[in-house]
Protein chains: 2
Amino acid sequence: MGTAQTGSRLLQGEATRSRILKAAMDLASRHGLDSLTIGELAKELEMSKSGLFAHFGSKEELQIATIGAAETLFGFAILKPAESHLPGLGRLRAYLENYLKYLDDRVFPGGCFFSAAAAEYDDRPGRVRDRIALSMRKWRDLLEEQARIAKTNDELLPDVDPLQLVFELKAFTHEANFSRRLLDDEDVQGRARRGICDRLLNAASDRGRAALIHKLS
Amino acid sequence: MGTAQTGSRLLQGEATRSRILKAAMDLASRHGLDSLTIGELAKELEMSKSGLFAHFGSKEELQIATIGAAETLFGFAILKPAESHLPGLGRLRAYLENYLKYLDDRVFPGGCFFSAAAAEYDDRPGRVRDRIALSMRKWRDLLEEQARIAKTNDELLPDVDPLQLVFELKAFTHEANFSRRLLDDEDVQGRARRGICDRLLNAASDRGRAALIHKLS
């Protein structure tokens, strides 16, 4: 087989894999990660089950690949656009703002993919739960890293604990996702934004306020 | 049939119903509300399916009765003990403290029954979702009622919006439930307590601080 032909086959395989994972994310977001079976997905994609098995050998493999794909999307929607902000309070705020925008934009039809998956799997030990926990820890660690940089750069008042700050800010974003989904309360996004803004201004030193102000003004 | 005999039968029926609902809450808390089928529960209780059907005509009836039973338990663990506190900031704080204690005490083995059920059903329109949403609204309304009383009684600083305050405080309690379950971070209860304490002290007028102080000191 020529190299060009092999390359083209590989590309085609990648395209199919992407198409499968996109459908898998949609299905999981709407009906839960546990609903993600090879059979259901084959029906949705009008593919044969054996075709799907060639890409993902088991339901568990498929679930784990889907979480990975959702993480990539999360990176594009939330992390990447924040990189234009300087590390510290500015980038911390950008992460949180982008998360709220990701909810507004309905990047996943069923709200935050990870919050839903976390609530579904927190009680079920195994590889899927571990993979979700890893995603959640990565997100927390990114926020904490920026809060620590803010602390080092004297952007926070001396008595502010950066980890406590992240706990509180993250709580506002999750509450927005949660209350909007179930309480049909559209105003919660506004409440989360106000909570984040007030809390950041409250924790910031003069230098920190300067880092925030071009966005907050 | 004599009245005494009818009465005794009724009592026996009640006892069986309670036993069923207790097992149902445990099962739902561990494996999700959707896992609550008449068949599963009959196996767990070593009862016949027809015996269970005599009490609950369908899976949906059973689920709704289970949510009601969980609400009663929530009332005993969280609402009732707060009634010894004066309405306003004192009772608001007692509600939140009792919620964190309810997590510590593992009243339900799988964390907060309602948060789990909400995440599971927020995407599935129907009577079960409506019943969960009703529970969540009741809880929010109770918190908001106390914050409004605090406002009327001048326990809050003039610029504090009582609904915003409740959004933020409630966020801390949910974040504690969420992060402890998945991130295996035992410290989150402490973070939630500190967030609540700081936020309340921050929002309180001198009068409000007096209402809080016998607990916070």
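Tabulated data
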quantity	calculated
Theoretical ellipticity at 222 nm over chain B - DSSP helices of four or more residues, -39500 (n - 2.57) apiece, nearest 500	-24500 deg cm²/dmol
Inter-copy separations for B:GLU14, label at 7 Å along Cα-Cβ, nm, ascending	6.9
Farthest toward positive dipole pole in chain A [+1 Lys/Arg, -1 Asp/Glu at C-beta], among A:THR66, A:LEU11, A:HIS85	A:LEU11
For segment B:93-175, with +1 on Lys and Arg beta carbons and -1 on Asp and Glu, the positive-most of B:THR173, B:VAL107, B:VAL160 along the dipole	B:VAL107
Average beta-carbon neighbours from other chains, 10 Å sphere, peptide A:154-161	0
Above-threshold pairs, the threshold being 22 Å between Cα atoms, out of A:LYS101/A:LYS170; A:LYS43/A:LYS101; B:LYS43/B:LYS138; B:LYS138/B:LYS170; A:LYS101/A:LYS151	A:LYS43/A:LYS101; B:LYS43/B:LYS138; A:LYS101/A:LYS151
Across the identical copies, how the A:LYS138 labels are spaced - nm, sorted shortest first, 7 Å along Cα→Cβ	4.1
Evaluated over the protein assembly as shown, the Cα radius of gyration and Dmax, each in Å	24.4, 93
Per-copy distances of the A:SER48 label point, shortest first, in nm (7 angstrom along Cα→Cβ)	4.9
Segment A:1-60 - convex hull of alpha carbons, volume per residue in Å³	79
Compactness of segment B:79-150, expressed as Rg and Dmax over alpha-carbon positions, Å	13.8, 39
Shielding of B:175-185 by partner chains, average beta-carbon count, 10 Å	6
Cα centroid separation - segment A:1-57 against segment A:142-187, whole Å	36
Share of alpha-carbon pairs per 10 Å distance bin for segment A:94-217, given as whole %	12, 39, 33, 15, 1
Chain B, accessible surface, carbon-and-sulfur percent (1.4 angstrom probe)	53
Distance between segment A:88-106 and segment B:190-209 - C-alpha centres, whole angstrom	26
Average silhouette area of chain A, convex hull of alpha-carbon atoms, in square nanometres	14.9
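The values are calculated or read from the model by the stated rules, or taken from the named source; none is laboratory data. Since the model is a prediction, treat every value here as computed from it, not as a measurement. Cβ: placed from backbone, ideal geometry, glycine included. Neighbour counts: every protein chain shown. To get the accessible areas, we keep the full protein, side chains included, count just its heavy atoms, and leave off ligands, DNA and RNA. Shrake-Rupley method; radii C 1.70, N 1.55, O 1.52, S 1.80 Å.
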